[in-house]
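Following: one structure in structure tokens, then a few remarks.
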Amino acid sequence: MLKNICVTQFNLLKSVTSLQQQVRTTFVLKRKYDPLLHKTNQKPRRMRAKHFIYELVEDTLVKKSPNMEVVLKTFVEGVGDKGDVVSMKPNFVYNKLLLPGLATYKTPENIAKYAKTEAEKSAVKHSSPYAQRTVNMLESIVLAVIMNKDEPWVIEPWHIKASLRKAGFHCREECITLPKERIEGPDLRKENKEFNCTITINKLEQANLKCRIHHWSTDPSERLPYVLEHWKLPSEPLLDVGLPERSETPEKQA
């Protein structure tokens, strides 16, 4: 009985497959002092203590790994579109592309397998890998549109352009679509009221931008009190229409 148990345990251990993984802990060294040569067919000279002093040539543990090339299976924001061959850092490729199944290794078979068809090329959904990121950033902010408190005005695209420039976005006036209703002032009833406009990016993507009117006077005594972090406070809509109608064929790109 004991013999059978031992045989069974041995067979179980034998069936276990060990996972072998390469470890990058190699150190490349060289001798600081070269040992003396010896004559042919003679006993080598005994090395001294100084011959065992080494200098570090390369530490593979801290060596920068080369980029990996992979083929994208689908559109990845900030990386590329389906069928693109991208070269990126191994850590990002493993964790963000290969493990989620968004990419595969670069081989001639995979390049041909995931290449875009003619129908996919004609149906363009993304103008660039970074366009959708820009849309997300625009839709996540509340733009402060500073208007004069003393002089009459009507909001035009260049007002939105100037406000976007202050917020760190550069946009052309032709890419800004305002609501159909005129927004004019000064009118303190419209203070901190919210309206929406559309920003067109690369003639394709469109972002709904939230804007709030804030009156400003050159006379310090006439200025309204400053509201800290006004974009976090609830706001009432300025117009009855929530969003402006999007233009189907924008003329120019942002």
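The values are calculated or read from the model by the stated rules, or taken from the named source; none is laboratory data. It should be emphasised that the depicted structure is a prediction, and the values quoted were computed from it without experimental measurement. Methodologically, a virtual Cβ is constructed for each residue, glycine included, from the backbone with ideal geometry; neighbour enumeration extends over all protein chains shown. Just the protein is used for accessible areas: all its heavy atoms, side chains included, with ligands, DNA and RNA removed. Shrake-Rupley method; radii C 1.70, N 1.55, O 1.52, S 1.80 Å.
Could you tell me which of the residues TYR94, TYR54 is in the same structural domain as THR117 (by TED's automatic domain parsing) and among the aromatic types (Phe, Trp, Tyr)? Can you show your working first?
Values: TYR54 fails: in the same structural domain as THR117 (by TED's automatic domain parsing).
Being in the same structural domain as THR117 (by TED's automatic domain parsing) and among the aromatic types (Phe, Trp, Tyr) holds for just one of TYR94, TYR54, which is TYR94.
Can you tell me which residue in the stretch 170-186 is farthest from TYR130 (Cα to Cα), limited to those that are part of a loop (DSSP other than H, G, I, E, B) and open to solvent by 30 Å² or more (accessible area, probe 1.4 Å)? So that I can check it myself, show each step before the final result.
Applying the first criterion (part of a loop (DSSP other than H, G, I, E, B)) to the stretch 170-186 yields 170-172, 178-183, 186.
Those still in the list that are open to solvent by 30 Å² or more (accessible area, probe 1.4 Å) too: 170, 172, 178, 180-182, 186.
Numbers: HIS170: 15, ARG172: 18, LEU178: 24, LYS180: 30, GLU181: 32, ARG182: 33, PRO186: 38 Å.
That would be PRO186.
Results for (1) modelled with pLDDT under 90; (2) open to solvent by 40 Å² or more (accessible area, probe 1.4 Å); (3) farther than 28 Å from VAL124 by Cβ, shown as yes or no for each residue.
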site	(1), (2), (3)
ILE146	no, yes, yes
ILE155	no, no, yes
HIS159	no, no, yes
LEU164	no, no, no
ILE201	no, no, no
HIS214	no, no, yes
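Consider only pairs whose beta carbons are under 9 Å apart and that are at least six residues apart or on different chains; among these, list those whose first residue lies in the stretch 193-211 and is closer than 18 Å to LEU239 by Cβ and whose second residue is open to solvent by less than 40 Å² (accessible area, probe 1.4 Å) and of a type in the set (D, E, K, R).
Short answer, once both residue conditions are applied: LYS193/ARG212; GLU194/ARG212; PHE195/ARG212; ILE199/GLU205; LYS210/GLU194; CYS211/GLU194.
Report, ordered by the first and then the second residue, all pairs with beta carbons closer than 7 Å, sequence separation of six or more or different chains, a first member in the stretch 142-154 that is farther than 15 Å from LYS193 by Cβ and assigned by TED's automatic domain parsing to the domain that holds LEU224, and a second member that is loosely packed, with under 14 Cβ neighbours inside 10 Å and among the aliphatic types (A, V, I, L, M).
Once the first residue is farther than 15 Å from LYS193 by Cβ and assigned by TED's automatic domain parsing to the domain that holds LEU224 and sits in the stretch 142-154, no partner that is loosely packed, with under 14 Cβ neighbours inside 10 Å and among the aliphatic types (A, V, I, L, M) comes close enough.
In the stretch 43-62, how many are under 38 Å from the mean Cα position of the chain (by Cα) and either outside any strand (DSSP E or B) or more than 10 Å from VAL28 (Cα to Cα) (or both)?
Of the residues in the stretch 43-62, 3 are under 38 Å from the mean Cα position of the chain (by Cα) and either outside any strand (DSSP E or B) or more than 10 Å from VAL28 (Cα to Cα) (or both).
Would you check which residues across the stretch 166-186 are modelled with pLDDT of 90 or more, over 29 Å from the mean Cα position of the chain (by Cα) and closer than 22 Å to SER217 by Cβ and list them?
Once the filter is applied, which keeps residues that are modelled with pLDDT of 90 or more, over 29 Å from the mean Cα position of the chain (by Cα) and closer than 22 Å to SER217 by Cβ, the stretch 166-186 yields ILE183, GLU184, PRO186.
Just one of the numbered conditions (1) small (Gly, Ala, Ser); (2) surrounded by 11 or more Cβ atoms within 10 Å (Cβ to Cβ); (3) at pLDDT below 90 is not true of SER87; which one?
Among (1) small (Gly, Ala, Ser); (2) surrounded by 11 or more Cβ atoms within 10 Å (Cβ to Cβ); (3) at pLDDT below 90, the lone unmet condition for SER87 is (3).
Are there helices (runs of 4 or more DSSP H) fully within the stretch 97-142 with at least 3 residues that are at pLDDT 90 or above? List them. Walk me through it before giving the result.
On the way: elements: 108-113, 118-122, 131-139.
Here the list reads 108-113, 131-139.
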